[in-house]
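Step one of this worksheet: look at the structure below.
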Amino acid sequence: MTAFKTIRARAEKRKGGPKALTKLLPAKPDPKTLAKLGDDRILAEMTKRVFSAGFAWSVIENKWAGFEKAFLGFKPGPLSLKPDEFWDDLMKDTRIVRNGAKIMSVRANAGFVRDIAKEHGSFGKFLANWPSSDEAGLLELLAKRGSRLGGNTGQMMLRFLGWDGFVTSRDVVLCLRDAGLDIAETVTSKRDLAKVQAQFNAWAEETGLAYVQLSRICALSIGENYTAEKLESMMGVDD
């Protein structure tokens with residue numbers, strides 16, 4: 001496997017040097033901040049990522065104030081107790097995107113967040129205590145116990161919540177394959193995800209960098225070479 005210093009050097013060359021690359025890197029996530037995050041904000045982010053999947057993110061962002069009102073501020077307790085009629089009415093609510101399966105995922109995920117909070121004090125505390133060295137295990141739990149939180153949706157939810165993990169975006173996977181990792185072009189199997197996890201664990205030990213930083217450098221080292229200015233305008237969206 002290629003040493004990460006080689007990947008970083010390539011990213012630095014593409015982005016105009018070490019300082020220019022550093023400006024494009026996210027800050028190291030703070031577990032204490034994540035632990036303080038309210039369960040309503042966890043459910044809100046889950047919902048935003050579920051509705052954004054396969055849809056124009058800008059549309060969801062523009063309607064988000066309506067989502068907050070329609071879903072009662074995303075308070076898991078009250079939402080999980082709402083009767084069928086409440087959810088049926090949401091299918092006709094123009095304040096949100098009226099996708100039946102995604103609307104019902106909010107109901108399921110409200111129960112999921114509530115259950116995890118009962119087990120761990122809060123969902124934020126649960127995430128804050130889960131090690132970055134086992135993102136694969138966390139993604140498996142999200143897929144099994146949550147609704148529509150598998151794959152990239154779960155990864156992006158974790159990223160936007162401030163959990164320290166990688167994202168298997170097109171460029172990140174391209175970087176991993178170029179470095180010598182034997183994985184498919186699209187990472188969907190447990191086998192490939194385990195290989196990705198092991199490689200990021202090795203790079204984290206090699207560099208001392210946060211997983212989000214490793215993921216971003218990996219993406220910036222290969223693929224379409226956007227300008228630093230363009231990337232700064234896109235930061236926080238994806239790797």
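A search for C-beta distances below 8 Å between a residue of the stretch 208-226 that is at negative phi and charged (D, E, K, R) and any residue that is open to solvent by less than 10 Å² (accessible area, probe 1.4 Å) and in a loop (DSSP other than H, G, I, E, B), counting only pairs 6+ apart in sequence or on different chains, returns R216/L24. Is the stretch 130-137 home to any residue that is open to solvent by less than 10 Å² (accessible area, probe 1.4 Å), under 18 Å from the mean Cα position of the chain (by Cα) and acidic (D, E)? Yes, that holds for at least one residue.
Mind telling me which of the residues E45, E61 ends up being of a type in the set (D, E) and closer than 18 Å to R148 by Cβ? Don't jump to the end; show me each part of the working.
Values: E61 fails: closer than 18 Å to R148 by Cβ.
The unique qualifying residue is E45.
Would you confirm, using the coordinates I've provided, whether A117 is over 17 Å from A53 (Cβ atoms), open to solvent by less than 50 Å² (accessible area, probe 1.4 Å) and either β-branched (V, I, T) or in contact (Cβ under 8 Å) with a residue 24 or more places away in the chain (or both)? Break it down into steps so the answer makes sense when it comes.
On the way: over 17 Å from A53 (Cβ atoms): yes; open to solvent by less than 50 Å² (accessible area, probe 1.4 Å): yes; either β-branched (V, I, T) or in contact (Cβ under 8 Å) with a residue 24 or more places away in the chain (or both): yes.
Against the criterion (over 17 Å from A53 (Cβ atoms), open to solvent by less than 50 Å² (accessible area, probe 1.4 Å) and either β-branched (V, I, T) or in contact (Cβ under 8 Å) with a residue 24 or more places away in the chain (or both)), A117 qualifies.
Looking only at residues of the stretch 45-84 that are assigned to a helix (DSSP H, G or I) and among the aliphatic types (A, V, I, L, M), we find that the one that is nearest to T153 (Cα to Cα) is V50.
Yes or no: the stretch 25-33 includes at least one residue that is open to solvent by less than 50 Å² (accessible area, probe 1.4 Å), out of contact with any Gly (no Cβ under 6 Å at 6 or more places or on another chain) and modelled with pLDDT of 95 or more. Even if it seems obvious, please write down each step before you answer.
Taking the stretch 25-33 as the starting set, the residues that turn out to be open to solvent by less than 50 Å² (accessible area, probe 1.4 Å) are 25-26, 29.
Those left that are additionally out of contact with any Gly (no Cβ under 6 Å at 6 or more places or on another chain): 25-26.
Next, from what is left, pick out any that are modelled with pLDDT of 95 or more: 25-26.
For the stretch 25-33, residues open to solvent by less than 50 Å² (accessible area, probe 1.4 Å), out of contact with any Gly (no Cβ under 6 Å at 6 or more places or on another chain) and modelled with pLDDT of 95 or more: present.
Every condition in (1) within 17 Å of S132 (Cβ to Cβ); (2) assigned to a helix (DSSP H, G or I); (3) in contact (Cβ under 8 Å) with a residue 60 or more places away in the chain holds for D164 except the one numbered (2). For the stretch 196-209, a residue qualifies if it is crowded, with 16+ Cβ neighbours inside 10 Å, assigned to a helix (DSSP H, G or I) and not polar (S, T, N, Q), and the qualifying residues are V196, F200, W203, A204. Per the conditions (1) farther than 21 Å from C175 by Cβ; (2) surrounded by fewer than 18 Cβ atoms within 10 Å (Cβ to Cβ), the sole criterion not satisfied by D40 is (2). Which condition does K144 not pass, out of (1) open to solvent by less than 30 Å² (accessible area, probe 1.4 Å); (2) outside the structural domain of E224 (by the TED database); (3) part of a helix (DSSP H, G or I), if it passes all the others? Tallying (1) open to solvent by less than 30 Å² (accessible area, probe 1.4 Å); (2) outside the structural domain of E224 (by the TED database); (3) part of a helix (DSSP H, G or I), K144 fails exactly one: (1). When L149 is tested against the conditions (1) touching a Lys or Arg at 6+ places or on another chain (Cβ under 9 Å); (2) in a helix (DSSP H, G or I); (3) of a type in the set (A, V, I, L, M), the lone failure is (2).
The values are calculated or read from the model by the stated rules, or taken from the named source; none is laboratory data. Because the structure is predicted, anything quoted here is derived from the model rather than measured. Glycine also receives a Cβ, built like all others from the backbone with ideal geometry; neighbour counts cover every protein chain displayed. SASA here: full protein model, heavy atoms, side chains in, ligands and nucleic acids out. Shrake-Rupley method; radii C 1.70, N 1.55, O 1.52, S 1.80 Å.
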